[in-house]
Amino acid sequence: MTQNIIEINDVSKIYHLGGEVVKALDGISLNVEKGEFVAIIGPSGSGKSTLMNIIGCLDVPTKGEYALDGKSIKDYNDNGLAKVRNEKIGFIFQQFNLLSRLTALENVELPLVYQGIEAKERRQIAMDCLKRVGLENRYTHYPNQLSGGQQQRVAIARALASRPSILLADEPTGALDSKTGKEVIEMIKEINREGQTVILITHDLKVAQSARRQIVLADGKIVEQGGEV
């Protein structure tokens, strides 16, 4: 029996900006099954970044319900949400977000440090993750000694290190040339084929079509979803 890893029901997000009420999300409902590869696509202002922040437990809905791994995020306080982010969600960002003073290995180890995993074990996990993305021979390199594609692969390894429930990729090819971007997407697809749930946030239709299912947003609402955009 397939299990929903994400259940979002009638979620809205409202901001009050300078006396104006802005409805960034307007009654969003969607489920993501364990092992799915889903792309959330839409132009600037469509609500996709707000939805990503809610899925990633970086923000909470104004109304509606969001359950991750069968548990409502309303059950967590701020510290609990931080723990969820560290243990259940692997983030991949457009600008890589690597720490320049740390080596590739140390960057990948970082979420494990926050989890309190002892040094020998976290080093082994980090090396395994670097090997998974083909960078085991670059583990002593600093970010400025790596190409953009290699930095993004380190970021993917870091996202995988905590064995997350979902991999949340925000415009992961946005800072890369087209050839390197395709290589990164192929790597993400391979990771998904191994069973990892992946949610990809993008404005790029070609990138979105790499996913098995696309969810199209406009004006804070889902306007289309299915296997093809």
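Would you point out the residue of region 107-129, among those that are open to solvent by 70 Å² or more (accessible area, probe 1.4 Å) and either over 24 Å from Asn192 (Cα atoms) or touching an Asp or Glu at 6+ places or on another chain (Cβ under 8 Å) (or both), that is modelled with the lowest pLDDT?
Our first condition is that a residue be open to solvent by 70 Å² or more (accessible area, probe 1.4 Å); within region 107-129, this holds for 114, 118, 120-121, 123-124, 128.
If we keep only those that are either over 24 Å from Asn192 (Cα atoms) or touching an Asp or Glu at 6+ places or on another chain (Cβ under 8 Å) (or both) too, we end up with 114, 118, 120-121, 123.
On the way: Tyr114: 88, Glu118: 96, Lys120: 96, Glu121: 96, Arg123: 96.
Per the stated criteria, the residue is Tyr114.
Out of the residues in region 54-80 that are part of a helix (DSSP H, G or I) and farther than 20 Å from Asn4 by Cβ, which is least open to solvent (accessible area, probe 1.4 Å)?
Here the residue is Gly80.
Which numbered condition trips up Val11, out of (1) assigned to a helix (DSSP H, G or I); (2) surrounded by 18 or more Cβ atoms within 10 Å (Cβ to Cβ)?
Every condition holds for Val11 apart from (1).
On the given criteria, is Phe96 part of a loop (DSSP other than H, G, I, E, B) and either in contact with a His (Cβ under 8 Å, 6 or more places away or on another chain) or of a type outside the set (Asp, Glu) (or both)? Outline the logic, then answer.
Details: part of a loop (DSSP other than H, G, I, E, B): yes; either in contact with a His (Cβ under 8 Å, 6 or more places away or on another chain) or of a type outside the set (Asp, Glu) (or both): yes.
So Phe96 fits the description; yes.
Only one of Ala169, Ala157 is in contact with a Leu (Cβ under 8 Å, 6 or more places away or on another chain) and in a strand (DSSP E or B); which? Spell out the reasoning first.
Numbers: Ala157 fails: in a strand (DSSP E or B).
Just a single option satisfies the conditions, and that option is Ala169.
Rundown of residues vs (1) β-branched (Val, Ile, Thr); (2) more than 29 Å from Asn4 (Cα to Cα); (3) not in a helix (DSSP H, G or I), yes/no style:
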{"residue": "Lys131", "(1), (2), (3)": "no, yes, no"}
{"residue": "Gly149", "(1), (2), (3)": "no, yes, no"}
{"residue": "Arg163", "(1), (2), (3)": "no, no, yes"}
{"residue": "Lys179", "(1), (2), (3)": "no, yes, no"}
{"residue": "Lys182", "(1), (2), (3)": "no, no, no"}
{"residue": "Ile185", "(1), (2), (3)": "yes, no, no"}
{"residue": "Ile188", "(1), (2), (3)": "yes, no, no"}
{"residue": "Ile191", "(1), (2), (3)": "yes, no, no"}
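Note down all Cβ pairs under 7 Å where the first residue falls in region 75-86 and is more than 13 Å from Ser165 (Cα to Cα), the second is assigned to a helix (DSSP H, G or I) and not aromatic (Phe, Trp, Tyr), and they're at least six residues apart or on different chains.
Tyr76/Val84; Leu81/Ile73
Keeping to region 141-187, report how many residues are under 22 Å from Pro43 (Cβ atoms) and under 12 Å from the mean Cα position of the chain (by Cα).
5
The values are calculated or read from the model by the stated rules, or taken from the named source; none is laboratory data. Predicted model, so just to flag it, every value in this text is computed and none were measured. Here the Cβ is made from the backbone with ideal geometry for all residues, glycine too, and neighbour counts use every protein chain on show. When the accessible area is computed, the model is the full protein with side chains, heavy atoms only, and any ligands, DNA or RNA have been set aside. Shrake-Rupley method; radii C 1.70, N 1.55, O 1.52, S 1.80 Å.
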